[in-house]
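Trainee: Dropping a structure here in structure tokens format, bear with me for questions.
The values are calculated or read from the model by the stated rules, or taken from the named source; none is laboratory data. Predicted model only: the values in this text are computed from it and were never measured. Reconstructed Cβ throughout: ideal geometry from the backbone, glycine too, with neighbour counts over all protein chains shown.
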Amino acid sequence: MDAPVPELSTRAARCAERLRAADDLLLASHIDADGLTSAGIASAALERAGIGHDVVFEKQLDRAAVERYAAADYDTVFFTDFGSGQLDVITEYAAFTPVIADHHQPADAETAYHLNPLLEGLDGGSELSGAGASYCVARALEGNGDDEDNRDLAALAVVGAVGDMQVVEGELIGANAEIVAEGVEAGVLDASKGLAMFGTQTRPLPKLFAYASDVPIPGITGDRNGALRFLDGIDAELREDGEWKTWADLDTAERQTVVSALVQRAVRTGVAADEIEALIGTTYTLLGEERGSELRDASEFSTLLNATARYDRAAVGLAVCRGERGAPLDAARDLLREHRRTLATGVGVVREVGVERESHVQWFHAGDRLPETVVGIVAGMAMGEDGVAAGVPIIAFAEKEDDGDDEPGVKVSMRGTPRLVERGLDLSAVAAEAAAAVGGDGGGHEVAAGATVPAGQESGFVAAADAVVGEQLDP
Ligand SMILES: [Mn+2]
């Protein structure tokens, strides 16, 4: 048996062997695009290997969750897209054997069944996602003949990696790229250079170009009429029966014509050379999905899954990953539509509640008017809008939904910009320090971070965050 990622083959084989020996198996995974695809891959491979299992999802793998698993009758728990960071807690419970396929920083504890790229010197942020780690175990679980070597699951692994933001300069690299190669070989994936814009399968061309924001092109991006004029000026059949085509509808020659017109426009309007290069990237196409379906494009697929995750509908996302169509897919599409509506109205909510300005940060409190799961995205979208400064880190508060086992508190989301990060902003440190100052917990990334703080501690958090950001930007 050849392995997709040779460095991880021993660990994958050991995990697979333990899973085959399980009598009562629970599969526990993270609720996001990477976690859902991880579970989709793991669940399919287990089923093919004849290993029965239950599936459960968690926003966070905390002690309460581990305790629940220990109290139930499972002799084995397979953790995907989390588990490494909680190994110290997990190993306190002897009721079950943990098997882990994860890519996050491991805690200071070990188990015999642990696959994680970081343990073998691979980068868990850009070279392998949780879904990729699960795929390595799935490939080691093969054994029912050629047609069930699980290589078809590479497509889901790519959706997970893309959803986990592992794309580097327009493409997947390292172990992720090895998984791409397996998917291409298995005939389930196409990876080719193309337009790096979101919505190539589903958006009519004017919407595709007007909405694309990664590389803003003057007179087209954010300008629907401008995009229409641009497209009307191109000598190609971009409409069919009066309706605009999508990017997926175009043939190779038409695509080339449009790309070269776009590049010419970008050059003429002074877009920097490296930004123009970023217009082109590798597009990952799931060949088993219908043309024009968001499931055909890895990036659109992952966005759909994130919508199910955000609204706590993991079962819907998992069903879609497991290949169910019809009702679950309709439900996922409804959730995405609802999500887009929430975001659009969310920016209006920010304007209504008003943004306060401190020395180094700005903030607003959405109360219960925005779900805690979208308040961060809305905060990022609002930057630069009316009454919201563009180059100032923004802090957003929202009431935490009461899900029974959590302490009541306030959810904090923070957003910066790449430009601010270049100047020294590290919101993950800001979140951790400011939350600690008021008895909360926080962390995340340089450009986006979050925290939970006790209700009533909002102004204390703002003051602490303002001081830390001040030190970072003007040391
Ligand atoms: Mn992940």
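Trainee: The conditions are (1) at positive phi; (2) away from the ligand (no atom under 13 Å from the Cβ); (3) under 21 Å from the mean Cα position of the chain (by Cα); (4) not basic (Lys, Arg), and VAL55 fails exactly one of them. Which is it?
Mentor: That leaves (1) as the condition not met.
Trainee: So, in region 1-31, exactly how many residues are polar (S, T, N, Q) and within 16 Å of the ligand (Cβ to nearest atom)?
Mentor: Adding up the residues that qualify gives 1.
Trainee: Considering only region 113-122, state which residues are closer than 22 Å to GLU67 by Cβ and either in a loop (DSSP other than H, G, I, E, B) or within 11 Å of the ligand (Cβ to nearest atom) (or both).
Mentor: If the condition is that a residue be closer than 22 Å to GLU67 by Cβ and either in a loop (DSSP other than H, G, I, E, B) or within 11 Å of the ligand (Cβ to nearest atom) (or both), then TYR113 is the only one that fits.
Trainee: Quick one: ALA131 ticks every box in (1) of a type outside the set (D, E, K, R); (2) in a loop (DSSP other than H, G, I, E, B); (3) within 14 Å of the ligand (Cβ to nearest atom) except a single one, so which number is it?
Mentor: Going through the list (1) of a type outside the set (D, E, K, R); (2) in a loop (DSSP other than H, G, I, E, B); (3) within 14 Å of the ligand (Cβ to nearest atom), ALA131 breaks only (2).
Trainee: So the check is Cβ under 6 Å with 6+ separation or different chains; which pairs have a first residue in region 155-166 that's closer than 14 Å to ALA133 by Cβ and a second one that's outside any helix (DSSP H, G or I) and within 9 Å of the ligand (Cβ to nearest atom)?
Mentor: From region 155-166, the pairs are GLY160/SER129; ALA161/SER129; ASP164/SER129; GLN166/SER129.
Trainee: Given region 1-107, what strands (runs of 3 or more DSSP E) lie entirely inside it while holding 3 or more residues that are closer than 23 Å to GLU142 by Cβ?
Mentor: It comes to 25-30, 76-80, 97-101.
Trainee: Filter region 153-171 down to the residues that are crowded, with 19+ Cβ neighbours inside 10 Å and away from the ligand (no atom under 14 Å from the Cβ) and list them by number.
Mentor: Those that are crowded, with 19+ Cβ neighbours inside 10 Å and away from the ligand (no atom under 14 Å from the Cβ): LEU153, ALA154, ALA155.
Trainee: Name the residues in region 58-100 that are within 16 Å of the ligand (Cβ to nearest atom) and charged (D, E, K, R), would you?
Mentor: GLU58, LYS59, ASP81
Trainee: From the list GLU294, GLU289, GLU300, GLU275, which one is at pLDDT below 90, out of contact with any strand residue (DSSP E or B) (no Cβ under 7 Å at 6 or more places or on another chain) and either of a type in the set (Val, Ile, Thr) or surrounded by 13 or more Cβ atoms within 10 Å (Cβ to Cβ) (or both)?
Mentor: GLU275
Trainee: State yes or no: is GLY125 within 13 Å of the ligand (Cβ to nearest atom), crowded, with 20+ Cβ neighbours inside 10 Å and within 24 Å of the chain's Cα centre (by Cα)?
Mentor: No: the conditions fail for GLY125.
Trainee: Looking at ASP34, is it among the charged types (D, E, K, R), within 16 Å of the ligand (Cβ to nearest atom) and in contact (Cβ under 8 Å) with a residue 40 or more places away in the chain?
Mentor: The answer is yes for ASP34.
Trainee: Now for a separate question. With (1) modelled with pLDDT under 90; (2) touching a helix residue (DSSP H, G or I) at 6+ places or on another chain (Cβ under 9 Å) as the list, and SER213 as the residue in question, which single condition is left unmet?
Mentor: Failed condition: (2).
Trainee: Only one of LEU228, LEU205 is of a type in the set (A, V, I, L, M), in contact with a Leu (Cβ under 8 Å, 6 or more places away or on another chain) and without any contact (Cβ under 8 Å) to a residue 60 or more places away in the chain. Can you tell me which?
Mentor: After applying the criteria, what remains is LEU205.
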